[in-house]
Amino acid sequence: MRLARRRWRFRAFRKRRELKPVVNRTGIIGRHDILVFSTLRNERVRLPYFLQYYRDMGVNHFLFVDNDSDDGSREYLIEQSDCSVWTTKASYKRSRFGVDWLNWLQTRYGHNHWCLVVDPDEFLVYPFCDTRSIRALTDWLDASSIRSFGAMLLDMYPKGRLDAQPYREGTDPFEIANWFDSGNYTIQRNHRFGNLWIQGGPRARAFFPQEPERAPALNKIPLVKWHRHYTYTSSTHMLLPRGLNLVYDEWGGEKASGCLLHAKFLDTFTRKSAEELTRRQHYANSHEYRAYAAGLKDDPDLWCKWSEKYINWRQLEILGLMSKGNWA
């Protein structure tokens with residue numbers, strides 16, 4: 001495992017050459033600041049709400065890798081005083097889907113900071129997030145000597161056709177996509193890395209009904225007290241050293257965890273899927289996006305009679321999708 005970690009870190013070091021700084025404001029990052037790292041391409045319509053959501057949560061600085069956007073995303077981020085931006089035209093696929101790029105930036109700028117790695121359509125909810133800032137969470141994690149915080153990716157969707165209600169820039173996407181699957185999940189343990197592997201939800205039942213084992217993984221470890229010797233190995237699904245993957249209790253108790261509300265299924269989804277299918281820059285020769293393209297031909301309604309309407313984090317805790325553990 002140590003050799004694997006060195007290999008991934010060296011790979012990230014080499015991939016740094018692919019990143020060109022557009023605006024680097026990391027000099028204003030304070031010693032105790034909480035940072036967000038994200039890779040994007042053509043996400044201009046999502047960015048205002050994304051930034052405001054995490055600013056309100058207590059994030060201090062954002063570090064973005066823009067993968068050759070042509071919709072104004074990069075220009076918009078340059079104007080934001082709490083954002084640093086790098087750009088690249090290099091292959092997303094050959095950077096291990098952006099992992100190498102962000103591993104390098106976290107090594108360079110995230111050391112000894114709490115770092116949150118999320119996509120522009122992922123929104124963290126955690127216990128007491130309606131009354132406590134993310135710093136309250138990280139302070140408790142520090143006091144408890146916990147270095148990583150897990151969150152299940154929860155796919156959100158509207159009731160009815162995905163394109164029935166257009167998403168407007170700056171608005172809350174969960175005013176539209178406010179339903180989720182309360183069950184229909186499988187969990188198994190990855191014995192090599194020690195992390196949990198979760199699959200299921202609307203993507204498994206709607207787009208991978210015949211091959212549920214090929215549905216996207218929903219387990220994430222997005223929040224980590226970073227050290228320059230750490231590395232993500234597969235998106236934010238797992239890390240090295242492997243002890244960071246133990247974000248669950250092995251002895252029958254519960255560790256605090258959150259959810260990443262996934263605002264993928266808006267009216268922008270069809271266009272985005274078509275673009276990514278053409279680019280073929282995603283995992284397994286874009287198998288996931290080929291499944292989306294096939295499923296979208298009939299304009300599917302992801303809502304079903306078992307769908308649950310989202311209320312708040314307490315609802316997710318009751319359903320067993322997240323836990324406050326012993327954080328009271």
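The values are calculated or read from the model by the stated rules, or taken from the named source; none is laboratory data. Here the structure is a predicted model, which means the values were calculated and not measured. Here Cβ is always computed from backbone atoms with ideal geometry, including for glycine, and neighbour counts include all displayed protein chains. Accessible surface is based on the protein model in full, side chains and every heavy atom, while ligands, DNA and RNA are left aside. Shrake-Rupley method; radii C 1.70, N 1.55, O 1.52, S 1.80 Å.
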Pairs, first in contact (Cβ under 8 Å) with a residue 24 or more places away in the chain in the range 303-328, second open to solvent by 60 Å² or more (accessible area, probe 1.4 Å) and charged (D, E, K, R), C-beta under 6 Å, six or more apart: 303/159; 323/254; 325/254; 325/255
Any hit, the range 181-204, residues being part of a strand (DSSP E or B) and among the acidic types (Asp, Glu): yes
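Only one of 30, 58, 72 is small (Gly, Ala, Ser), touching a helix residue (DSSP H, G or I) at 6+ places or on another chain (Cβ under 6 Å) and modelled with pLDDT of 95 or more; which? Let's see the steps before the verdict.
Details: 30 fails: touching a helix residue (DSSP H, G or I) at 6+ places or on another chain (Cβ under 6 Å); 72 fails: touching a helix residue (DSSP H, G or I) at 6+ places or on another chain (Cβ under 6 Å).
That would be 58, the only listed residue that is small (Gly, Ala, Ser), touching a helix residue (DSSP H, G or I) at 6+ places or on another chain (Cβ under 6 Å) and modelled with pLDDT of 95 or more.
Got at least one residue in the range 250-267 being hydroxyl-bearing (Ser, Thr, Tyr), surrounded by 17 or more Cβ atoms within 10 Å (Cβ to Cβ) and at pLDDT below 95? Give the steps one after another, and end with the answer.
We begin by selecting, within the range 250-267, every residue hydroxyl-bearing (Ser, Thr, Tyr); these are 257.
After this cut, where a residue has to be surrounded by 17 or more Cβ atoms within 10 Å (Cβ to Cβ) as well, the list is 257.
If we keep only those that are at pLDDT below 95 as well, we get none.
No, the range 250-267 contains no residue that is hydroxyl-bearing (Ser, Thr, Tyr), surrounded by 17 or more Cβ atoms within 10 Å (Cβ to Cβ) and at pLDDT below 95.
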Identity of the residue in the range 143-174, modelled with pLDDT of 95 or more and on the phi > 0 side of the Ramachandran plot, that ends up most open to solvent (accessible area, probe 1.4 Å): 145
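Name the residues in the range 15-25 that are in contact (Cβ under 8 Å) with a residue 40 or more places away in the chain and either surrounded by fewer than 15 Cβ atoms within 10 Å (Cβ to Cβ) or of a type in the set (Phe, Trp, Tyr) (or both), would you?
Restricting attention to the range 15-25, the residues satisfying the condition of being in contact (Cβ under 8 Å) with a residue 40 or more places away in the chain are 15-16, 18-25.
Once the filter is applied, which keeps residues that are in contact (Cβ under 8 Å) with a residue 40 or more places away in the chain and either surrounded by fewer than 15 Cβ atoms within 10 Å (Cβ to Cβ) or of a type in the set (Phe, Trp, Tyr) (or both), the range 15-25 yields 20, 21, 24.
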Considering residues of the range 175-189 that are more than 14 Å from residue 264 (Cβ to Cβ) and of a type in the set (Gly, Ala, Ser) only, the residue modelled with the lowest pLDDT: 183
